[in-house]
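First up is the structure itself, then whatever we jot down about it.
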Amino acid sequence: MPLIEIEDVKKTYVMGDMEVHALRGVSLGIDKGEFVAVMGSSGSGKSTLMAILGGLDRPTSGRYRLDDVDMSTLAKRDLAHARNRKIGFVFQQFHLLARTSALENVELPLMYAQGVTGAERHRRAREALAHVGLADREDHTPNQLSGGQQQRVAIARALVTNPSLLLADEPTGNLDSKVTDEIMALFQSLNDAGNTIVFVTHESDVARHAKRKIVLKDGQVVSDAPVADRVPAVPPAPERAS
């Protein structure tokens, strides 16, 4: 059974007297362990699709199942619970707490997890930081870290709950080309370790790091195919501040 099943999902926003059809009957499946790039121009529906995948929005009609849970019918509280347990988020803007250490930022999602002690939370956060190459930066605050290092902290925070799905929205949008390659190499490494990753990008070169590319246009899937010219996966070298 696929990790993600989307069946004829439609999303319509009502803005005054006008209806905006953001998604027009999208159907797709994503298996465990896939590495998928979602592309499309502004207004194509890719952000709406990601919001639905992340449980941040609901389809107007159609069905969305994640890890055998029908996310489209869950009550608001149950949806939030499923989202916190099953999905890790990485954003373009990092969204780190400014006066909080890298370790404490990574611990945050576990603050809401039942049955996780302070010692366990600390241990798992340290392991997550080590996994992204920042074991020696755990006491640094965001302003003491470079952009690439801040995104690594954000990735560690997304991984610390051991989610079924890692969603990334333009994860390299604020990074230069060198650091972009390093972050995408890290994502490739995480995928090789078994993590399922879906990310949005508008850059074709970034999408080439994925194994599969889905292209949206006017709320519909117009292309869904393996990445033929994929960038070879290489062990990621931790980005260092100069």
### Query
From the residues in region 111-150 that are surrounded by 13 or more Cβ atoms within 10 Å (Cβ to Cβ) and β-branched (V, I, T), which one is modelled with the highest pLDDT?
T141
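Do we have R77 as touching a residue at least 40 places away in the same chain (Cβ under 8 Å), of a type in the set (K, R) and farther than 27 Å from R208 by Cβ here? Before you say what the answer is, go through the steps one by one.
Numbers: touching a residue at least 40 places away in the same chain (Cβ under 8 Å): no; of a type in the set (K, R): yes; farther than 27 Å from R208 by Cβ: yes.
Considered against the rule, which asks whether it is touching a residue at least 40 places away in the same chain (Cβ under 8 Å), of a type in the set (K, R) and farther than 27 Å from R208 by Cβ, R77 comes out as no.
Test S47 against the stated conditions and say whether it is polar (S, T, N, Q), modelled with pLDDT under 95 and touching a strand residue (DSSP E or B) at 6+ places or on another chain (Cβ under 9 Å). Can you show your working first?
Numbers: polar (S, T, N, Q): yes; modelled with pLDDT under 95: yes; touching a strand residue (DSSP E or B) at 6+ places or on another chain (Cβ under 9 Å): yes.
Answer is yes for this residue.
Just to be sure, is S72 farther than 24 Å from I155 by Cβ and crowded, with 17+ Cβ neighbours inside 10 Å?
Working: farther than 24 Å from I155 by Cβ: yes; crowded, with 17+ Cβ neighbours inside 10 Å: yes.
Criteria met by S72.
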### Message
Given (1) surrounded by fewer than 21 Cβ atoms within 10 Å (Cβ to Cβ); (2) within 25 Å of L175 (Cα to Cα); (3) touching a helix residue (DSSP H, G or I) at 6+ places or on another chain (Cβ under 6 Å), identify the lone condition not met by R63.
### Response
(2)
### Query
Which number in (1) outside any loop (DSSP other than H, G, I, E, B); (2) closer than 27 Å to S189 by Cα marks the one condition that G55 misses?
(1)
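Would you check if S242 is surrounded by fewer than 21 Cβ atoms within 10 Å (Cβ to Cβ), touching a strand residue (DSSP E or B) at 6+ places or on another chain (Cβ under 8 Å) and modelled with pLDDT under 95? If you could, list the steps in order and put the result at the bottom.
Details: surrounded by fewer than 21 Cβ atoms within 10 Å (Cβ to Cβ): yes; touching a strand residue (DSSP E or B) at 6+ places or on another chain (Cβ under 8 Å): no; modelled with pLDDT under 95: yes.
In short, no.
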### Summary
When restricted to L186, L175, L165, the only residue more than 30 Å from E19 (Cα to Cα) and at pLDDT 95 or above is L165
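Would you pick out the residues in region 12-46 that are assigned to a strand (DSSP E or B) and either surrounded by fewer than 12 Cβ atoms within 10 Å (Cβ to Cβ) or free of Cβ contacts under 8 Å to residues at least 60 places away in the same chain (or both)? So that I can check it myself, show each step before the final result.
Within region 12-46, the subset assigned to a strand (DSSP E or B) is 12-15, 18-30, 35-39.
Within region 12-46, T12, Y13, V14, M15, M18, E19, V20, G29 meet the criteria.
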### Task
Tell me, please, whether a residue that is assigned to a loop (DSSP other than H, G, I, E, B), at positive phi and modelled with pLDDT of 95 or more can be found in region 197-213.
no
### Task
Please verify whether region 133-141 includes one or more residues that are touching a Leu at 6+ places or on another chain (Cβ under 8 Å) and acidic (D, E).
yes
### Task
List the number of the failed condition for Q93; all other conditions in (1) surrounded by fewer than 19 Cβ atoms within 10 Å (Cβ to Cβ); (2) out of contact with any Ser or Thr (no Cβ under 9 Å at 6 or more places or on another chain); (3) closer than 22 Å to G148 by Cα; (4) modelled with pLDDT of 90 or more hold.
(4)
### Task
Can you confirm whether region 151-160 contains a residue that is surrounded by fewer than 19 Cβ atoms within 10 Å (Cβ to Cβ), in contact (Cβ under 8 Å) with a residue 12 or more places away in the chain and out of contact with any Ser or Thr (no Cβ under 8 Å at 6 or more places or on another chain)?
no
### Query
Hey, does region 187-195 have a residue that's farther than 20 Å from A225 by Cα, among the acidic types (D, E) and in a helix (DSSP H, G or I)?
no
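The values are calculated or read from the model by the stated rules, or taken from the named source; none is laboratory data. The structure presented is a predicted model; accordingly, all values stated were derived computationally and were not measured. Please note: Cβ atoms are built from the backbone with ideal geometry, for glycine as well, and neighbour counts cover all protein chains shown.
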